[in-house]
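Just below is one structure, and these are the notes that go with it.
The values are calculated or read from the model by the stated rules, or taken from the named source; none is laboratory data. Treat the numbers as computed from the prediction; the structure is a model and nothing was measured. Every residue, glycine as well, gets a Cβ built from its backbone with ideal geometry; the counts of neighbours run over all protein chains shown. When the accessible area is computed, the model is the full protein with side chains, heavy atoms only, and any ligands, DNA or RNA have been set aside. Shrake-Rupley method; radii C 1.70, N 1.55, O 1.52, S 1.80 Å.
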Amino acid sequence: MTGDELRSSFLEYFENKAHTIVPSSSLIPHGDPTLLLNTAGMVQFKPYFLGEEKPPSRRLASCQKCFRTTDIESVGDSSHCTFFEMLGNFSIGDYFKTEAIDWAWEFVTEHLKLPIEKLWITILKDDDEAFDLWLKQGVLENRIIRLDEKDNFWGPPGAAGPCGPCSEIHYDYGLHMGCGKPGCAPGCECPRFVEIWNLVFIQYNQAANGNRSLLERPSIDTGMGLERISAVLQGKTTIFETDLLKPLVAEASKLAGVEYGKDEYSDVAVRVIAEHGRGIAFLIADGVMPGSDGRGYILRRLIRRAALYGRRLGLKQPFLASIAKKTIEHMGSIYPTLQEKKNLILDVIRAEENRFSETLTVGLELLDGLISSAGQGENMLCGKDVFKLYDTYGFPVELTCELARQHGMCVDVTGFEKELANQKARAKANQRFKSGTVTGDNIPDIKATSFVGYQCLVQNSYITHILLANKPVKNIRKGQTASLVLSTTPFYAEKGGQTGDTGFISHDGAEFKVSNTVQGPSESIIHHGYVTRGSFLLNDEVVARVDEERRKDIARNHTATHLLHISLKNILGNHAEQRGSLVSPDRLRFDFSHLKPVTGQELEEIEKQVNEMIRANLPVSARIIPFKEAMKAGAIAIFGEKYGEEVRVLSVGEPPVSTELCGGTHVSSTGEIAVFHIVSEASIGAGLRRIEAVTGRNTEMLLRQQALTIHRAAELIDTTPDKLISKIKAVMNEFSETGKKMEAFERQAVLSQAEHLATRVESINSIRLVGAKLPQVKVELLREAADYLKNKIGSGIVALASVVEDKPVFVVAVTDDLVKQGYKAGDIIKEMSRIAGGGGGGKPGLATGGGKDKSQIPEALEAVRQYVRLK
């Protein structure tokens, strides 16, 4: 039975048992930014098990794409993999142990026709109910093994929640695969027994203190790895010999020119390439892009680990795209996203692999040097060296650890982490230095500031703290630069990419101009600025007034970033995820994941879509709701961000066209943005792009400036704005023709000089030589002149010099007959260039060079004559 047939058979079986078949969800978990990747079939059903959502049916079945990162370093042996497919049937408070065991046994023995004598069962040691149910299936008592909780109990998804014992079906590969020990049975670490199906009986609710109580309606969660059961059914002892992975193994072997199964060293590398190549394709198809943290780091780590193992097989050119292509051919009919994202998958892999290959060779040489230079008894690579491999050569620290272990060494991970922390601290300190940040860290009693800036821009308040040079003081006066903390403020503190508010704080004729507002410790808000008149004391009652026009500009730009984000996803694809942003009053900047430059047509479509949403005057609303409810509503959250139980959700449109978790300030309707205009699009790193844009009155100013520039340009070339392009083309054509005429004239002049030089040939030791300086001649024409003279004199050496941009340039030509006698243009040019303070090189018959000191040209030409004399 093939893997595809097995997948279909499982789902068809449970569909006949009144289960609703649910498609696999993405490898990126929906609604849970804290979860790295989808690791099990039940992940997409967690809200049903927890009672947060109503399931489409109380009986569900699926074949789920899964990815587990804990096994990355083990991939290469005969069993481990990162990506796999998990077959599963689920009961949400419907059937329980009896049906789960009945159907599992029926499927494996009657549908898969596995021999009963090959099957063993494990249960939790005190689960007598499960024991009796297996006996009723005809399983022999000595084939039911009782194990402890560490083997046969599935805990809650967090510190508390639903959990329960499990029972596993194991396949026995036979005594010849075992360890030979008398007590060898499921639970033994030898390869004789392999778990093929795990049935989890969710019957308890575990409290945070560890106490368990019975659930009113217990549930079932089962999982059977498709790769593992395929190996059993196809009579294989390793998943890499099944039809699911064998085509990829064959492709990797073909690329490397090795025969799989002949050598364990190369077999390990082939398995790594095949397995990682498959996982990489699925990760990218589901929207993961290479990065330096989170899911992106996992993808980058897989690509680089596979590239490294490819190098072990002698693969020096990028090859992983071929494995991904084979994966798409093999599995695209089952998972259409692979076909739909084929070009993206291949482009991402090629770009990332090319990028790593640039540093891989040098990095490996450095690592080999570190290992070989370790003294006797030294078995640890120091953290500083490991950090250099990571920071300079792109070696994931896990990869360095793996390579070190292969040589019997370990890595000073603590030292590495210290170097990494130091780098981050330096970057943070540098940023603080640039911004002149006052932290407020020296105030022991600082408390949270009440922020009312969503509702109003003017607020009565009082001063709770005054900071001068980051130290608390009791008063400040005119001319002093300081920072104030208020009890309540309408000023938005810089965070989430949005710049802080500016404005004024005043009382009784005194005024403090706020130049920036930042977040302080303990959720306080610190207002940086200076006193323009009067003085301020602690506890003074004040009026805080935000610069309204500036705030409106910021709000326009911030809401526009949300519209830009959703437009990027609509036009470029869901992989275009936010990687950073800046929202200031004069512009917005949005960084996102995308492999290649956004085309002019795509930028036009993006801008058009944003402006259509602006003209639609969509309502913009914010609400505070539970985090889980926000995720259920499809709000965009940033992976790795820490969110509280309640979050602020910003929605645009009704129904929403954009929903994001956001604490920033926004317009009340998109029409207030007025207009959106993209100013630039550029790369800021591998797989990262940046768009800068303007809105509202800043767009108006930009367009006015551009219009004025166009009018002035038109006046300069005596035309009108509407005819400017055609006039520029005409001027450029005229300039080009003039340039061609000048080049022809210059060429003719140079060749005339060469003709003259052909009549002044020197002879040294019977070798004909032309050595001369031509005035202000480009290297290309100098080379042409040398070639002309070489043909003209028939046999000899030509050495020409000139000055270009105030620096000497040289060309040497040697006829073929003299090259055969050992005269080399490259040797001559190196000496000439050395004398002039530069360098050069080329072929034996023609070489070019240059220097820094044009006064040395005569000496350089004389060196040619000396070369001929001494040869």
Evaluation of residue 1 against (1) part of a loop (DSSP other than H, G, I, E, B); (2) over 22 Å from residue 336 (Cα atoms); (3) out of contact with any Leu (no Cβ under 9 Å at 6 or more places or on another chain); (4) open to solvent by 50 Å² or more (accessible area, probe 1.4 Å) (one fails), failing number: (3)
Considering only the range 87-121, state which residues are within 30 Å of residue 50 (Cα to Cα) and either assigned to a loop (DSSP other than H, G, I, E, B) or open to solvent by 30 Å² or more (accessible area, probe 1.4 Å) (or both). 92, 93, 94, 95, 96, 98, 99, 102, 103, 106
Please return the ranges of helices (runs of 4 or more DSSP H) entirely within the range 221-313 where 1 or more residues are within 30 Å of residue 572 (Cα to Cα). 246-256, 264-285, 294-312
Is it the case, given these coordinates, that residue 397 is at pLDDT 80 or above and over 22 Å from residue 352 (Cβ atoms)? no
For the range 382-395, state whether one or more residues are on the phi < 0 side of the Ramachandran plot and in contact (Cβ under 8 Å) with a residue 60 or more places away in the chain. yes
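Could we say that residue 304 is open to solvent by 40 Å² or more (accessible area, probe 1.4 Å), among the basic types (Lys, Arg) and either out of contact with any helix residue (DSSP H, G or I) (no Cβ under 9 Å at 6 or more places or on another chain) or touching a residue at least 24 places away in the same chain (Cβ under 8 Å) (or both) here?
No.
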Just to be sure I understand, how many residues within the range 248-264 are surrounded by fewer than 16 Cβ atoms within 10 Å (Cβ to Cβ) and touching a residue at least 40 places away in the same chain (Cβ under 8 Å)? 1
Condition first: part of a helix (DSSP H, G or I) and under 26 Å from residue 77 (Cα atoms). Now tell me which residues in the range 390-425 satisfy that. 390, 397, 398, 399, 400, 401, 402, 403, 404, 405, 406, 413
Just one of (1) under 32 Å from the mean Cα position of the chain (by Cα); (2) of a type in the set (S, T, N, Q); (3) under 22 Å from residue 164 (Cβ atoms) trips up residue 57, so point out which. (1)
Of residues in the range 538-564 being open to solvent by less than 40 Å² (accessible area, probe 1.4 Å) and of a type in the set (D, E, K, R), the one farthest from residue 503 (Cα to Cα): 540
So, in the range 180-189, exactly how many residues are in contact (Cβ under 8 Å) with a residue 40 or more places away in the chain and in a loop (DSSP other than H, G, I, E, B)? 2
Please work out which residue is modelled with the highest pLDDT, limiting yourself to the range 628-644 and to residues that are outside any loop (DSSP other than H, G, I, E, B) and within 26 Å of the chain's Cα centre (by Cα). 630
In the range 577-593, which residue that is modelled with pLDDT of 90 or more and more than 13 Å from residue 497 (Cβ to Cβ) is most open to solvent (accessible area, probe 1.4 Å)? 586
How many residues does the range 796-817 contain that are open to solvent by 40 Å² or more (accessible area, probe 1.4 Å) and under 22 Å from residue 759 (Cβ atoms)? 1
Just to be sure, is residue 715 open to solvent by 50 Å² or more (accessible area, probe 1.4 Å), on the phi < 0 side of the Ramachandran plot and free of Cβ contacts under 8 Å to residues at least 60 places away in the same chain? yes
If a residue has to be within 19 Å of the chain's Cα centre (by Cα), assigned to a helix (DSSP H, G or I) and not aliphatic (A, V, I, L, M) to count, how many in the range 541-594 make the cut? 2
So, in the range 130-179, how many residues would count as being outside any helix (DSSP H, G or I), under 18 Å from residue 117 (Cβ atoms) and open to solvent by 80 Å² or more (accessible area, probe 1.4 Å)? 1
Does residue 802 satisfy being among the polar types (S, T, N, Q), outside any helix (DSSP H, G or I), in contact (Cβ under 8 Å) with a residue 24 or more places away in the chain and within 24 Å of residue 820 (Cα to Cα)? no
Given the criteria of a type in the set (A, V, I, L, M, F, W, C), modelled with pLDDT under 85, over 18 Å from residue 854 (Cβ atoms) and out of contact with any Lys or Arg (no Cβ under 8 Å at 6 or more places or on another chain), does residue 750 qualify? yes
When you scan the range 851-860, do you find a residue that is closer than 21 Å to residue 788 by Cα and either open to solvent by less than 40 Å² (accessible area, probe 1.4 Å) or assigned to a loop (DSSP other than H, G, I, E, B) (or both), even just one? no
Among the residues of the range 241-268, write down those that are of a type in the set (A, V, I, L, M, F, W, C) and over 29 Å from the mean Cα position of the chain (by Cα). 250, 258
Considering the range 595-609 alone, what residues qualify as being of a type in the set (A, V, I, L, M, F, W, C), open to solvent by 30 Å² or more (accessible area, probe 1.4 Å) and outside any loop (DSSP other than H, G, I, E, B)? 603
Kindly indicate which of 524, 535, 567 is surrounded by fewer than 19 Cβ atoms within 10 Å (Cβ to Cβ) and of a type outside the set (Phe, Trp, Tyr). 535
How about the range 471-520: which of its residues are open to solvent by less than 10 Å² (accessible area, probe 1.4 Å) and over 18 Å from residue 452 (Cβ atoms)? 476, 482, 483, 510, 512
I'd like the full set of residues that are more than 30 Å from residue 248 (Cα to Cα) and of a type in the set (S, T, N, Q), limited to the range 78-107. 91, 98
Which listed residue, of 654, 612, 660, is modelled with pLDDT under 95 and open to solvent by 70 Å² or more (accessible area, probe 1.4 Å): 654
Of 696, 687, the only residue that is under 30 Å from residue 296 (Cβ atoms) and touching a residue at least 60 places away in the same chain (Cβ under 8 Å) is 687
Selected residue (criterion: modelled with the lowest pLDDT) from residues of the range 44-86 that are in a helix (DSSP H, G or I), among the hydrophobic types (A, V, I, L, M, F, W, C) and closer than 19 Å to residue 20 by Cα: 49
In the range 682-700, the residues that are open to solvent by 40 Å² or more (accessible area, probe 1.4 Å) and either among the polar types (S, T, N, Q) or touching a strand residue (DSSP E or B) at 6+ places or on another chain (Cβ under 8 Å) (or both): 682, 683, 684, 688, 690, 692
